[in-house]
Amino acid sequence: MMILTLLLYYLIYRFFYGITNKFWLSSIITYVAVTIAIVADAIKIYYRSEPILPTEVTMVSAYGDILEMIPQIILWIAIIGIIILTGVIIFCEIKFPQERLNWKSRLLGILLAIVVFGSSTRINHGNSIVNAWLSSYGNEPTFWNQEYGAQYNGAIQQFLNNIDTSIMESNSNYSKKRVNKLVGKYKKQAEKINKGRINNLSTQTIVFNLSESLANPNRLKEVELSQNPLYR
């Protein structure tokens, strides 16, 4: 898998090289992008025992929450690092200029990167060429253990593995109209049940729905519990 990971990093570099046609700029951008991805994965694994997922990258509104998870010292180091790297890029481009690529080489690098990374939409299709090719390299998505998948396949390959996944199968009977009908049905039942009910929380049962994650209801200051619902 190390060879495959290096190949993917090289394609990222060739993509930037094809776009900018500047050796030092594309090289440093690739190093920075890879470093950011590695640090982000390490932080996510530390807090949630799983790497960065494609669905999280597309959640633009959640970037503020993600940044809050990063210690401020790391953010300051990143800002200072970007300023230093900008100076390094300018210095290297002036002092150590490299030969520019011709348009054919640039186009080839861009197309290769697009084709390889774009084929990730077929990774989990059993009869696809990309699935067979990655399997020959030992790729094991292991969706049930994302941390192990990132350690075994490499962070970038595990990220690509998670692109071609179906979170939930579509049901032909599921629709907004049908859901609203169910809501109306149980709303009427609730109104009937609650007619003679006295609003006294001490005589009612509260059900906690943890929904695939563990939450501690003892942290809710507005709620008084008669006993600890989390047994050890």
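How much net charge surrounds ILE129 when only the other residues with a Cβ under 15 Å from the Cβ of ILE129 are counted, with Lys and Arg +1 and Asp and Glu -1?
So the environment of ILE129 carries a net charge of 0.
I'd like to check one number: the per residue accessible area of segment 1-158, probe 1.4 Å, reported in Å² as a whole number.
Result: 66 Å² per residue.
Any idea what the relative contact order of segment 1-147 is, in percent, if you count C-alpha pairs under 8 Å spaced at least 6 apart?
The normalised contact order for segment 1-147 reaches 39 percent.
Give, as a single signed number, the net charge of other residues whose beta carbon lies under 15 Å from the beta carbon of ALA37, with Lys and Arg counted +1 and Asp and Glu -1.
-2
Carbon and sulfur: what percent of segment 43-168's accessible surface (1.4 Å probe)?
Carbon plus sulfur share of accessible area: 67 percent.
Simple spin-label model, 7 Å along Cα-to-Cβ: ILE43 to ILE3 in nm?
With each label point 7 Å from Cα toward Cβ, the separation is 3.5 nm.
Go through 118-128, 218-228, 21-31 and give me the packing order, highest mean Cβ count within 10 Å leading.
In decreasing order of mean packing, 118-128, 218-228, 21-31 become 21-31, 118-128, 218-228.
Give, rounded to the nearest 20 debye, the magnitude of the charge dipole that segment 1-150 has about its Cα centre when Lys and Arg contribute +1 at Cβ and Asp and Glu contribute -1 at Cβ.
With only Lys, Arg, Asp and Glu charged at Cβ, the dipole is about 680 debye.
Under a GNM of the chain (C-alpha, springs under 10 Å), which listed residue has the highest mean-square fluctuation: GLU56, GLU191, GLU68?
Among GLU56, GLU191, GLU68, the largest mean-square fluctuation in the Gaussian network model of the chain belongs to GLU191.
What value, in deg cm²/dmol to 500, does the helix sum -39500 (n - 2.57) over DSSP H runs of n ≥ 4 give at 222 nm once divided by the residues of the chain?
-19000 deg cm²/dmol
Number of Lys pairs in segment 86-204 with C-alpha atoms less than 21 angstrom apart, excluding same-chain neighbours closer than eight positions?
Number of lysine pairs found: 9.
The values are calculated or read from the model by the stated rules, or taken from the named source; none is laboratory data. Note that the structure is predicted; figures quoted are calculated from it, not measured. Note that each Cβ is placed from the backbone with ideal geometry, even for glycine, and that neighbours are counted across all protein chains shown. Accessible surface is based on the protein model in full, side chains and every heavy atom, while ligands, DNA and RNA are left aside. Shrake-Rupley method; radii C 1.70, N 1.55, O 1.52, S 1.80 Å.
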